[in-house]
Amino acid sequence: MTDTPADDLKPSFRSDVTVELVKHTASDADVLFAARVSTIGEQSLDEMGKDPERSKGLINYLMRDRHGSPFEHNSMTFFISAPILVFREFMRHRVGWCVSGDTEITLESEAGNLRRRSIEDLYKLWHLGVEDRLPHSAGGVTWHSRAQKWTAQVRRGETNHYLGLYDNREAADAAVAEFREQHPSTRLRTLESIRRNHVRCYDEETLTAQRAQILDVIQSGVKPLIKITTAGGKVLRSTVDHAVLTPDGWRKAGELTVGDAVMTAGTAPRPSERLVPPSLRRGVGVWTSMQRNRLIGETDTCYVCGETFAREQLALDHVVPVAEDLTRALDERNLAPACEPCHAAKSAEEQKLARRGGEIAVALPDPVISIEDDGEEMTYDLTVEGPWHNFLANGVVVHNSYNEESGRYRELQPVFYVPGEDRKLVQQGRPGKYEFVSGTETQQAIVERSMQDSYVQAYEHYQEMLAAGVAREVARAVLPVGLFSSMYATCNARSLMHFLGLRTQHELAKVPSFPQREIEMVGEKMEEHWAKLMPLTYAAFNANGRVAP
């Protein structure tokens, strides 16, 4: 969906969600050969592609006795369109792609300074903040000029405690210290969390280091882990589904074998202007100038600052500098309009770096020397902002598993969620035993009118800010969670079963669940796709109480 001029944007309202299966490698046969490898080794390859009907008893046995790992050797990617309120719940159930709590995440400041924190610490800081114990009492020692002595006093709460006059400072300090020791009182101060922190990530085309803001830190539950060790000494402990960047693109950790390479943090010589001959540089400049009128509109947007300018105020800039990648010097896709101040600042910085030489941070291949099972423990994951949804985990480039539409890079469309008439509106009961019943016609009318009125007003304010030149990432803050968004979600059968067990109601479920209806709608559509891909596994899931193995 492309941006539409503001005058043509009119809010529309939907009561449904859509789920499209965009790609998959998932069949019941995947479960069989994965299960039999433990008993027949390489002969399990003979099971691939065979009719699994004759082995449905094995699938049922694996499900019944909670042997979960054979159900992980498959993948499904869904494209989901739903209100944002669904995605807030969805991301809490990131049951597939996870890393261990002691995994160190590389954080990068605006100045380029790096530091590392474990992902478990990041989770605690993100959701809880930090308790900082500081003395609650004020006061101390001051000089009393009239008495020519030192005064000791402490204010504790709303009361001043006078401790006397002393001939020397040491005695007065000792009196204050003794009082505080005898009357301990501390306050718990919640410090600012890490919600504005950025991680180091990598441009997946140039492999150069970038920054991306953390959007969420998720605790994903206790999961089996594998440990991958590289020749360079990097160690990654993750679930088999976690995506790892390799020289050939993204691959699941469980698909790697010894000898494969993964991309890890490294450095390379910084490109120098001397590598580009002056005559060639002039030729590139002439060619770029010839494309200007064709690639820049009469009014266009600076790709650096996001502001709109007339064509004469814009230059055509190489997004990836010529000195950094000469192969993209004549690539139109590497050209974008930049306003004069941004173009001058970017060019000056590039020339300064080119003259300096030295090294730049890049992702480099590192061979895997061992892969082993590593027990089960609590796991975590990050969501980071695009366009490159990856981060460094113990120095290895890994991916987050959900990519949601961003309001930073495009104008969000005015499509909003209003519950349909079949959506039960009234909640009864206590937590854990809620019951929802249908609303009255009056309640339904109030819901529709209130939601539509608030959506229209919020979107008008959003448009007003955009028209005034406010950045999209700021203006989007007024938009409600009923706004429709889009997301890619990748999972395997085991993680999907966990999700369905929690987020759908079903008469065959051993453990009852009480999901919000909107996320249940998404779960039902995902389940419908999965049932067709893996009918025997789906039947075993239902026959065993819809409990994930």
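Every number here is computed from the coordinates shown, using simple stated rules; none is lab data. Predicted model only: the values in this text are computed from it and were never measured. Note: ideal-geometry Cβ built from the backbone for every residue, glycine included; neighbour counts use all protein chains shown.
Listed highest first by mean packing, meaning other Cβ atoms within 10 Å per residue, what order do 364-377, 255-268, 311-324 come in?
311-324, 255-268, 364-377
Which aspartates and glutamates have a Cα less than 16 Å from the Cα of LYS149, not counting those fewer than 8 places away in the same chain?
Within the straight-line limit of under 16 Å, LYS149 reaches these aspartates and glutamates: ASP167, GLU170, ASP173.
Whole-Hz ³J(HN,Hα) for each residue in the stretch 478-488, computed from phi via Karplus 6.51 cos²θ - 1.76 cosθ + 1.60 with θ = phi - 60°, x for glycine and proline: what do you get?
Computed from phi, the couplings for the stretch 478-488 are 7, 7, x, 6, x, 5, 6, 9, 10, 7, 9 Hz.
How high is the FRET efficiency from ARG311 to GLU170, r the C-beta distance, R0 56 Å, rounded to 0.05? Could the numbers behind the result be given before it?
Numbers: r = 75 Å, r/R0 = 1.34.
Efficiency for this residue pair is about 0.15.
Whose amide H sits under 5 Å from the amide H of SER486, counting only residues 5 or more places off or on another chain, with H placed in the peptide plane?
Correct list: GLU405.
With no solvent and one equal point scatterer per Cα, compute the Debye intensity ratio I(q)/I(0) for the stretch 409-549 at 0.22 Å⁻¹ and report its log10, rounded to two decimals.
Scattering profile of the stretch 409-549, log10 relative to I(0): -1.24.
Mind checking which lysines have their C-alpha under 28 Å from LYS124, skipping anything on the same chain fewer than 8 residues away?
Of all the lysines, those that pass the test against LYS124 - Cα under 28 Å, at least 8 places apart if same chain - are LYS223, LYS227, LYS234, LYS252.
Given H placed on each backbone N at 1.01 Å, which residues far from ARG14 in sequence or on other chains put an amide H within less than 5 Å of it?
Under 5 Å from the amide H of ARG14 lie the amide H atoms of PHE416, TYR417, VAL418, each far enough along the sequence or on another chain.
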